[in-house]
Amino acid sequence: MFHGTLPAIVTPLKKDETIDQESLRSLIHFLLDKGVDGIVPCGTTGESATLSHEEHMEVVRITIEEVRGRVPVLAGTGSNSTAESIYLTKAAKEAGADGALLISPYYNKPTQEGVYQHYKKIAQETVFPLVLYNVPGRTSLNMLPETVARLAKVDSIVGIKEASADLDQVSRIIEQCPEDFAVLSGDDFTVLPLLSVGGKGVISVVANAAPADMAEMVRAYGNQDIARAQALHYRLLPLTRAMFLETNPIPVKTTLHLMGLCEESFRLPLCPMAPKNREQLDAVVKAYGLI
């Protein structure tokens, strides 16, 4: 169900920090026109941490409306509260999303058993396709391959966004999980290496700005055109580095502003880029040909 290139989309905001519906709809059409394989609203890149529940569902609803079934919509519904995750996941299901992306509990730092029980409870309460999300850099918790393998046996848990950038860990997950369990990269730097060990695609930050190149790279590898996939990997690398000059989604949202796709507006504690980093980003974006 979930494979290929799925941009984790930004949430465009107006200068008064309300959701910019027009820009959100335009961004979704831009991405669809460039050949992406899915859309992920309300992830980390979508500033989900500072969206109210009402805003969260507004973004999900608009995404579903604009996509109109052309590609899957995988709604971010994770929280460090199991009850809140269940609430948001049920709401996304009722809105018509195709699945939910669930970050591992952050700050709480549960045990591996706690992580297992968290996801299992959500699966039991929602009966909805769920994709796990392991991002130790944000949660201070690494979901181990053995835990992922246990969860892969739970009905409706269909894949994982793996953002540890640890290819040994990715290999162990693929080794221990069923063949139809989708392992997706959550780290734009390692998409091609992850594909080489059996990954199915990427939930991507960079694909907001360069969707066609990311989608073509993943498809080229799937078509065994390794030389083309490698060429696109190295073409994307400078842009990928620029997207992480500061905390995501600050650089990618700034890039989309330069491309005329949204305002350069963030919610605190996120803020505009430091001048030196902004200058470096501008140079990379221009060199790439995005502006």
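Before moving on, here are some points about what is shown:
- For residue 57, the test of being in contact with a strand residue (DSSP E or B) (Cβ under 7 Å, 6 or more places away or on another chain) and either touching a residue at least 24 places away in the same chain (Cβ under 8 Å) or on the phi > 0 side of the Ramachandran plot (or both) is failed.
- Taking segment 126-139 as the range and being part of a helix (DSSP H, G or I) and either under 20 Å from the mean Cα position of the chain (by Cα) or under 13 Å from residue 116 (Cα atoms) (or both) as the test, the residues that pass are 136, 137, 138, 139.
- Checklist (1) assigned to a helix (DSSP H, G or I); (2) farther than 24 Å from residue 32 by Cβ; (3) under 18 Å from the mean Cα position of the chain (by Cα) applied to residue 54, failing item: (3)
Conditions tested, residue by residue: (1) surrounded by 15 or more Cβ atoms within 10 Å (Cβ to Cβ); (2) within 18 Å of the chain's Cα centre (by Cα); (3) in a loop (DSSP other than H, G, I, E, B).
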position	(1), (2), (3)
199	yes, yes, yes
203	yes, yes, no
213	yes, yes, no
218	yes, yes, no
224	no, no, yes
229	yes, no, no
232	yes, no, no
236	yes, yes, no
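- Single residue of 22, 47, 84, 54 found to be modelled with pLDDT of 95 or more, of a type in the set (Asp, Glu) and touching a Pro at 6+ places or on another chain (Cβ under 7 Å): 47
- Assessment of segment 10-18 against the conditions (buried (at least 18 other Cβ atoms within 10 Å of the Cβ), assigned to a strand (DSSP E or B) and under 19 Å from the mean Cα position of the chain (by Cα)) yields at least one matching residue.
- Residue list for segment 62-89, filter: among the small types (Gly, Ala, Ser) and not in a helix (DSSP H, G or I): 69, 75, 76, 78, 79, 81
- Verdict on residue 209 being of a type in the set (A, V, I, L, M, F, W, C) and touching a Leu at 6+ places or on another chain (Cβ under 8 Å): yes
- Restricting segment 140-168 to residues that are touching a strand residue (DSSP E or B) at 6+ places or on another chain (Cβ under 7 Å) and part of a helix (DSSP H, G or I), the residue that is surrounded by the fewest Cβ atoms within 10 Å (Cβ to Cβ): 151
- Residues located in segment 245-272, provided they are without any contact (Cβ under 8 Å) to a residue 40 or more places away in the chain, within 26 Å of residue 191 (Cα to Cα) and part of a loop (DSSP other than H, G, I, E, B): 245, 246, 247
- Search result, residues across segment 170-189 that are in contact with a helix residue (DSSP H, G or I) (Cβ under 7 Å, 6 or more places away or on another chain) and either surrounded by fewer than 18 Cβ atoms within 10 Å (Cβ to Cβ) or closer than 30 Å to residue 257 by Cβ (or both): 172, 176, 185, 188, 189
- Looking only at segment 210-262, residues that are within 18 Å of residue 282 (Cα to Cα), touching a Phe, Trp or Tyr at 6+ places or on another chain (Cβ under 8 Å) and among the hydrophobic types (A, V, I, L, M, F, W, C) come to 5 in all.
- Matching residues in segment 238-265 - criterion: being under 15 Å from residue 24 (Cα atoms), surrounded by fewer than 21 Cβ atoms within 10 Å (Cβ to Cβ), within 21 Å of the chain's Cα centre (by Cα) and of a type outside the set (A, V, I, L, M): 257, 263, 264, 265
The values are calculated or read from the model by the stated rules, or taken from the named source; none is laboratory data. It should be emphasised that the depicted structure is a prediction, and the values quoted were computed from it without experimental measurement. Quick reminder, even Gly has a Cβ in these numbers, built from the backbone with ideal geometry, and neighbours come from all protein chains shown.
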